[in-house]
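Worksheet: one structure, shown below.
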Amino acid sequence: MKRILFIDRDGTILKEPADEQVDSFEKFQFVPGAISALRFLRLHTDYLFVMVSNQDGLGTPSYPEADFWPTHNLMLDILKGEGVEFDAIHIDRSFPEDNLPTRKPGTAMLTAYMNGEYDLANSYVIGDRVTDTQLAQNLGCKALILGDGMDWEKVKEMAFAGERTAEVKRTTKETDICVSVHLDGAGKADIETGLGFFDHMLEQIAKHGGIDLCVRCKGDLQVDEHHTIEDTGLALGECLLQALGDKRGIERYGYCLPMDDCLCQVALDFGGRPWLVWDAEFRREKVGDVPTEMFFHFFKSLSDAAKMNLSIKAEGENEHHKIEGIFKALARSLKMAVKRDVEHFELPSSKGVL
């Protein structure tokens, strides 16, 4: 079944002016990266390209109607010159107050694509507004919304190579854990393990790694912290491994950083061979509510489950800074290592396997 890219126009392909109407050449300007991304997707994927736009009654022609709307036709001519042509264009010309079912997020213009002949579950709406997200939900497909860390380069990557998400649930007599990650997220964290300092450290992975991370853990803290921390490391590692998929196009390696009095170095390799080198000593028994000895166990579990070579070294006087620096350096290493280059979409290994 054919997949579809339902693509908005103003604010997505063309920059949207203050009055929200691209009705003169003075207002005509492409959104940065739009042309090159659309060209790449047209050349390297089999998506149908379908433009879907609201135009507030201005009379923008539907495709391939007459040539009296110069900015619209100029846009189409420029894109055509770069190898980008639309398979269909649907433009609703009603006003918002008309509340017609043809106006996004209504789907009345798009019923021809909802007959079961198209792979909507693996199709995308590309837009810049909440109505585009709602349209995706109404169609039963996914949304790629410009803004909040999403630009055309990221749209190109996601539409070409797919979203890298995973969820792992791990339940034993000692812990009940659910971890989900989105490697191409915006650094959002939703963490609850019952250990405040551990939550704070896991938030660093999300924030500085640009990874959306959700962790829910109910552990036997009435016994001690060991199972909660170690099992969270195992679940997070497994989640990272699943989200990476076949690892095609990733950078694979990664980083170090200073934090006040400390220098924290984390180098990693998603090469499929787990190993931990740990060079960090702590004089305090606990930082916050977490025993310092447990950080070795966390990173060992993470390395094992993610099949990741992990080398960690920390120097400095402040124990809090050392631990936080390690987590931030890990996050930056992850961000570097999972970065994906769809222009060179191959396995980063001379052996041909990771």
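Of all residues assigned to region 75-82, at least one qualifies as being assigned to a loop (DSSP other than H, G, I, E, B), modelled with pLDDT of 95 or more and either assigned by TED's automatic domain parsing to the domain that holds Phe28 or hydrophobic (A, V, I, L, M, F, W, C) (or both). Identify all residues within region 181-209 that are in contact with a Cys (Cβ under 8 Å, 6 or more places away or on another chain) and within 21 Å of Ala159 (Cα to Cα); write none if there are none. Result: Val181, single match. Please specify each residue of region 271-308 satisfying the condition of being assigned to a loop (DSSP other than H, G, I, E, B) and surrounded by fewer than 16 Cβ atoms within 10 Å (Cβ to Cβ). Matches in region 271-308: Gly272, Arg273, Glu281, Arg283, Arg284, Glu285, Gly288, Asp289, Glu293. In region 1-22, of all residues being surrounded by fewer than 18 Cβ atoms within 10 Å (Cβ to Cβ) and in contact (Cβ under 8 Å) with a residue 40 or more places away in the chain, the one that is farthest from the chain's Cα centre (by Cα) corresponds to Met1. When Leu144, Leu183, Leu135, Leu110 are screened for being closer than 30 Å to Phe345 by Cα, buried (at least 19 other Cβ atoms within 10 Å of the Cβ) and not assigned by TED's automatic domain parsing to the domain that holds Leu244, only Leu144 passes.
Ile126 fulfils the conditions (1) farther than 25 Å from Ile91 by Cα; (2) of a type outside the set (Phe, Trp, Tyr); (3) crowded, with 19+ Cβ neighbours inside 10 Å; (4) touching an Asp or Glu at 6+ places or on another chain (Cβ under 7 Å) except for a single criterion, (1). Please verify whether region 138-148 includes one or more residues that are in a helix (DSSP H, G or I) and within 25 Å of Met109 (Cα to Cα). Yes: region 138-148 contains one or more residues that are in a helix (DSSP H, G or I) and within 25 Å of Met109 (Cα to Cα).
From the list Cys178, Cys239, the one residue that fits, being touching a strand residue (DSSP E or B) at 6+ places or on another chain (Cβ under 6 Å) and either buried (at least 17 other Cβ atoms within 10 Å of the Cβ) or not assigned by TED's automatic domain parsing to the domain that holds Asp289 (or both), is Cys239. Test of understanding: among Gly288, Gly271, Gly316, which residue is in the same structural domain as Leu241 (by TED's automatic domain parsing), within 24 Å of Leu240 (Cα to Cα) and at pLDDT below 95? Only one candidate qualifies: Gly271.
Any chance region 205-212 includes a residue that's outside any helix (DSSP H, G or I), of a type in the set (A, V, I, L, M), under 29 Å from Ile145 (Cβ atoms) and modelled with pLDDT under 95? Working first, answer last.
Here is the first cut: in region 205-212, the residues outside any helix (DSSP H, G or I) are 210-212.
Among the residues that remain, those that are also of a type in the set (A, V, I, L, M) are: 211.
If we keep only those that are under 29 Å from Ile145 (Cβ atoms) too, we end up with 211.
So of that shortlist, the ones also modelled with pLDDT under 95 come out as none.
No - not one qualifying residue is present in region 205-212.
The values are calculated or read from the model by the stated rules, or taken from the named source; none is laboratory data. The model shown is predicted, which means the values in this text are computed figures rather than measured ones. Backbone-built Cβ (ideal geometry, glycine too); neighbour counts: all protein chains shown.
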